[in-house]
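First the structure, in the form of structure tokens, and then the observations on it.
The values are calculated or read from the model by the stated rules, or taken from the named source; none is laboratory data. Here the structure is a predicted model, which is why all the values come from computation and not from measurement. Here Cβ is always computed from backbone atoms with ideal geometry, including for glycine, and neighbour counts include all displayed protein chains.
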Amino acid sequence: MNFDFDTPPDRRGTDSQKWQKYAGRDVLPLWVADMDFRSPPALVAALQARVEHGVFGYARPVQSTVDAFVGACAQRYGWTVDPAWLVWLPGLVVGLNVVTQACTAAGDEVLTLAPVYPPFLTTPRHSGRVSTQVAWTLNAGHWEIDWEALESAVTPRTKIFLLCNPHNPLARVWRRDELERLVEFCLRHGLVLCSDEIHCDLILDPALPHIPTATLSPEIAARTITLMAPSKTYNVPGLGTSLAIIPDAAMRAKFVRATAGIVAEVTGLGYTACEAAYRDCEPWRQELLATLRGNRDFLADFVARELPGVKLEAPIEATYLAWLNVEALGLADPVAHFEQHEVGLSDGAFFGEPRGRHVRLNFGCPRATLGEALARMKRALKK
Ligand SMILES: Cc1ncc(COP(=O)(O)O)c(C=O)c1O
């Protein structure tokens, strides 16, 4: 290993949301999706050089930033992205809200598969739209789509399908045949497909390629808004730099109109980090993936052997997020229970299911932190 994924940065007393939640308490926070790793040295060095310049005016991406992103899409996914398709955004959740406002009217429905990243469920409500959800089904250790339920959920008011590719919290990579069927479904019903691919550079199973949804056919590219960002992979979500990739000019114009006056500019520091991430940090990313694979296997083994009543129902194929079934523990509020035993997890209820069934655990941290958190969870089960 050339990079340090073992030394936990001390984030207590800093601006970290993740750690502030439990300020003054000895709780290990494994909830919100940022990692307890320093960002890649090449990215930090690029930021240091940018800070040294000392001027922080309104920013626009320079050509080398665009080249770095477009180059990564070509190299990693064989996706030729025309720079004209890019709309820079200060966050992915901003993108979800803009897509909703640009492509629907009040009262229209936004369809998704739940459980899912909470803003998929709450975004439609922000603008008087309706969230409709179809439940994932578990079949022989794999989360699957209930295609019949999905068909039945479509009404004349359904306008958007929100896809999480790869999926948070199920840590699942979409297979080509599933994406093809989903694309056919969206085209047949005239839906806009919004594909949130923020976790696409965090695939842990090397046999499973990330397939950008928009690459499946020119027809679906013309109806797809893809959202990507360096934030999860390179641990820079606090720098607020994301992209919408919108091949269709009319849809792009609608999207840009919906941002007018309310969406803030991306900062120069954000562009600098983004460029360095996509161009200079591939060796770091490969070691990160190896570290996360190790953590995932350690976690899966620990859960199976040491945490009776807690279950990982399906393999973790991507992300640093584990969706743990805790139903058998019979706890009304499992997050509160584990907090009492000094581990902070995310409540499955926010992802669109009844409280008490699942918690989400973020294993993007040094092994020692994960080991200590799991030991605390083991003790919590004995109480
Ligand atoms: C699927 C997904 N989309 C978006 C986000 C957040 O994006 P941002 O912080 O850029 O708004 C997350 C964060 O965990 C996520 O998991």
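Points worth noting:
- Residue within the range 76-84 that is over 22 Å from the mean Cα position of the chain (by Cα) and within 16 Å of Glu275 (Cα to Cα) present: yes
- Verdict on Leu227 being in contact with a helix residue (DSSP H, G or I) (Cβ under 8 Å, 6 or more places away or on another chain) and within 16 Å of the ligand (Cβ to nearest atom): yes
- Residue check, Ala33 part of a helix (DSSP H, G or I) and among the small types (Gly, Ala, Ser): no
- Scanning the range 142-158 for residues that are among the small types (Gly, Ala, Ser) and either modelled with pLDDT under 95 or surrounded by 13 or more Cβ atoms within 10 Å (Cβ to Cβ) (or both) yields Ala149, Ala153.
- Of all the residues in the range 136-189, those that are outside any loop (DSSP other than H, G, I, E, B), over 20 Å from Ile220 (Cα atoms), more than 16 Å from the ligand (Cβ to nearest atom) and in contact with a strand residue (DSSP E or B) (Cβ under 6 Å, 6 or more places away or on another chain) number 4.
- Candidates Leu96, Leu113 - the one that is in a strand (DSSP E or B) and assigned by TED's automatic domain parsing to the domain that holds Asp201: Leu113
- Any hit, the range 231-242, residues being within 12 Å of the ligand (Cβ to nearest atom), more than 26 Å from His358 (Cα to Cα) and part of a helix (DSSP H, G or I): yes
- Taking first residues from the range 70-93 that are closer than 26 Å to Gly238 by Cβ and assigned by TED's automatic domain parsing to the domain that holds Thr226 and partners that are within 16 Å of the ligand (Cβ to nearest atom) and acidic (Asp, Glu), the Cβ contacts under 7 Å between residues at least 6 apart in sequence or on separate chains come to Leu92/Asp196.
- Of all residues in the range 101-127, exactly one satisfies the criterion of being in contact with a Lys or Arg (Cβ under 6 Å, 6 or more places away or on another chain) and within 16 Å of the ligand (Cβ to nearest atom), namely Val110.
- Lone qualifier among Ala375, Ala314 - being of a type in the set (A, V, I, L, M) and either assigned to a loop (DSSP other than H, G, I, E, B) or in contact (Cβ under 8 Å) with a residue 60 or more places away in the chain (or both): Ala314
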